[in-house]
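The structure appears right after this line, and notes come after that.
Each reported figure results from applying straightforward, stated rules to the coordinates on display, with no laboratory input. What you see is a predicted model, and the numbers here were worked out from it, not measured in a lab. Ideal geometry is used to build each Cβ from the backbone, glycine not excepted, and the neighbour counts take in all protein chains shown.
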Amino acid sequence: LHWARTDLTTALSLPIPLLIELRTYIRNRDSGQCNNFLEFCHQSSGSICHLNQHQLHHQLKAGKVLVMFDGLDEVFEPGKREDVITDIHRFTNTYPKVRVIVTSRVIGYKPQRLRNAQFRHVMLQDLESEQIQTFIEHWHELTFTNQADKDRKRERLQKAIDTSSPIRQLAVNPLLLTMMAILNRNQELPRDRSELYNQASRLLLHQWDVERALLEDNRVDPKTIDYQDKQQMLGKVAYFMQGNQAGLAGNLISGEDLERIIKEELKLRDVNDPRAVAKVMINQLRTRNFILCFMGADYYAFVHRTFLEYFCAWEFVRKFEKKQEISLEQLKTEVFGKHWPDESWHEVLRLIVGMIDSNKAGEIIEYLMAQDSIMDEFKNLFMAADCLSEVRNRYEIKSTDARLLNRFKDLIFYDLNYDYDPYGYQANLVRDLHTQAVVAVATHWQDHPDTLRLLQKWARSDTDLFVRGTAIEQLALGYKDHPDTLALLQESARSDTYCYVRLRAIEQLALGYKDHPDTLAILQEWARCDQHWLVRAKAIEQLAQGWHDRVAWPTANQPWLFEFLCDRTLNDPFERDQDQDYDNVNPRKIALNAILNYYPNHSQTRSLLLDRAEHDSDPKLRKFAQGQLAKLR
């Protein structure tokens, strides 16, 4: 969008951003419309704008294109997904100068092939508190002209996020934060997730003005199709999609199936010529996205996966509560029992729990708690905790709530009843169970009167170093403003006997307390003096990331950080052991890389590279410096 808004003379000198939806590409390739990405851009249906493949080839060879392959996870068949990865790999080999980005949901993604192709993996993070506040400020600034109205609505939304844990958890998602802002214009936000989704979907369904389309089409008689009608149609669509071959891992329905479902629903409402009305409704989706959108090649999808999951849950609840086609026992065994091990179903199951009576939800949670298996890594308990957070009134099931909390307290001390390799799979399994249990307690029982005390105890004195490190992280995330948290982090960073715990404390101090007057000096101390190279490396990394744009200390005419990084590049005492085969363990390399990132044009950068390329005692750092020098030539 930035490129599209740029002045034409400037845009011509910038890389062309090229977005390729992989689900459309693989369908067109399978139908014979194209054999590769160039042909897809040149002639395939489903493209917004066709590009001449010969001109595009020259742009690609010159590296003047940014290519974004979107939605690898939406190629549902594993074999075809592998074919797409092969095509991407071939593309990057043909055009090595082009910057390429591939997106995929985490669920079901296998990173190894793209990692082997030298792709670097990053996880898109949730919005942080500062980013949420920035969004709220900008959104209200652009939306309202009346200052008093603007201030009142902005403060109401910010207060809802600050005081409601469910809303706070949803606000980290950009789409849902936008929907909250829109809803907040005319009402206070609901405090539970399922009702928030209900109102967000109602907003989108209101925009899908079917009646107007019918009035404009003289082939059919106008008929009022209200919000509830459209809601039931979408419930049936989502229910059909979850039972399809791709299941909830997919978000796609053919035009033929969509028309059939809508037509059947229209028949139940005594609509004249339901087939023609269904076609008018679907034709709307070809020209504008509503809650459903046209994907090309006669396929449709929910505009965001969130709404597929919400309407799927909504249909199950309708069958359970209103139609009574599903009993509570069937809901437990045939829906939750069948699907709780499948990650793609977790959101639907959580939403179901949030929509039904609290006591019935408690029975489902008890059912999940009884599904224990070390083979499943106690995932049933984590699913039960996720569901508990959705219950409308937890007080009504306080005994279930307390039992589940105690299960997690026990899980923190869980161990296998046989000897195992302390560095093998079993050790990793036990460690992950311990740390995930700490996160679960901190997340799902944040407001419990004992949670803060428990986290402080685990952070200071638990015998498991990973439990201590995780407790430190959770204290910084959930209790940053508590008067004891900063002191505990500083204490752990200075005195914990294990480098992992000190490292976690340093990270949280740098991220959450950058403006505290003690943090900079403490980070410098650790970067210079900690006995373990991992801690020194982390302190250097955090200093570079957090302070590279801050000047005037200790001198006003020279960035202090550059001098500090030079000192660490030359003088850190790290010596590589033979069994240390990792590249990024040397604090000197971390410091040198920071200089290259933040001070590439400094007058001393090249001479520093030359010195390290010739004289550093670490062969891996010498090789790195030599490679960077080659790029400068």
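Between R494 and Q131, what is 0.36 nm times their sequence separation minus the Cα-Cα distance? Round to one decimal in nm.
Residue separation times 0.36 nm, minus the Cα-Cα distance, leaves 127.6 nm.
In terms of modelled amide H atoms, which long-range or inter-chain residues lie less than 5 Å from the amide H of E21?
D70
Can you pull the Kirkwood radius for the stretch 129-191, inverse mean 1/r over Cα pairs, to one decimal in Å?
It is 11.5 Å.
For I182 and D611, compute 0.36 nm times the residue count separating them, minus their Cα-Cα distance, and round to one decimal in nm.
My answer for the length gained is 148.7 nm.
Would you grab the residues whose amide H sits under 5 Å from the one on I16? Only those 5+ places off in sequence or on another chain, please, with H modelled 1.01 Å from N.
Distant-sequence amide H within range of I16: V65, L66.
Could you list C499, C293 so that the one with the fewest beta carbons within 10 Å of its beta carbon is first and the one with the most is last?
Fewest to most other Cβ atoms nearby, the residues stand as C293, C499.
Once every DSSP H run of n ≥ 4 in the chain is given -39500 (n - 2.57) and the sum is divided by its residues, what mean residue ellipticity at 222 nm do you get, rounded to the nearest 500 deg cm²/dmol?
-18000 deg cm²/dmol
Spelling out what I want: for every residue of the stretch 482-499, take phi, set θ = phi - 60°, compute 6.51 cos²θ - 1.76 cosθ + 1.60 (Karplus), and round to whole Hz; glycine and proline get x.
So the J values, rounded to whole Hz, are 5, x, 8, 5, 4, 4, 5, 4, 5, 4, 5, 5, 7, 10, 5, 7, 10, 5.
Using a Förster distance of 35 Å, how high is the FRET efficiency between R431 and A487, based on the Cβ-Cβ distance and rounded to 0.05?
Here the calculated transfer efficiency is 0.80.
May I ask which of K267/K323; K159/K236; K332/K398; K338/K480 have a Cα-Cα span longer than 29 Å here?
K159/K236; K338/K480
Using θ = phi - 60° and the Karplus form 6.51 cos²θ - 1.76 cosθ + 1.60, what ³J(HN,Hα) does each residue of the stretch 251-262 get, whole Hz, x for Gly and Pro?
Going residue by residue, I get 9, 7, 9, 6, x, 4, 5, 5, 4, 4, 5, 5 Hz, with x marking Gly and Pro.
For q values of 0.07, 0.10 Å⁻¹, compute log₁₀ I(q)/I(0) with the Debye formula on a Cα-only model of the chain, without solvent.
Each listed q maps to, in turn, -0.59, -1.23.
Can you work out the PRE-style zone for T163? Point 7 Å along Cα to Cβ, and I want the residues of the stretch 402-446 with backbone N under 16 Å.
So the set is empty, nothing qualifies.
Of the options Q545, F69, H206, report the single residue whose Cα projects farthest towards the positive end of the charge dipole of the chain (beta-carbon charges: Lys, Arg +1; Asp, Glu -1).
After comparing all options, I get F69.
What residues qualify as long-range amide H neighbours of V172, i.e. H under 5 Å apart, gap of 5 or more or another chain, H built at 1.01 Å from N?
none
So how do K514, K631, K457 line up by other beta-carbon neighbours within 10 Å, fewest first?
K631, K457, K514
Once R0 is set to 30 Å, what does the formula 1/(1 + (r/R0)^6) return for the Cβ-Cβ distance between E366 and Q228, expressed as a FRET efficiency to the nearest 0.05?
After rounding to 0.05, the efficiency reads 0.35.
What FRET efficiency, computed as 1/(1 + (r/R0)^6) with R0 = 51 Å and r the Cβ-Cβ distance, is obtained for K623 and Q199, rounded to the nearest 0.05?
0.35
Which distance in nm do the two modelled labels at K322 and D270 give, with both placed 7 Å along the Cα-to-Cβ direction?
About 1.9 nm, to one decimal.
Identify the residues of the stretch 506-530 with backbone N under 15 Å of a label point that sits 7 angstrom from the Cα of N571 along the Cα-to-Cβ direction, or state none.
Residues 524-530 fall inside that zone.
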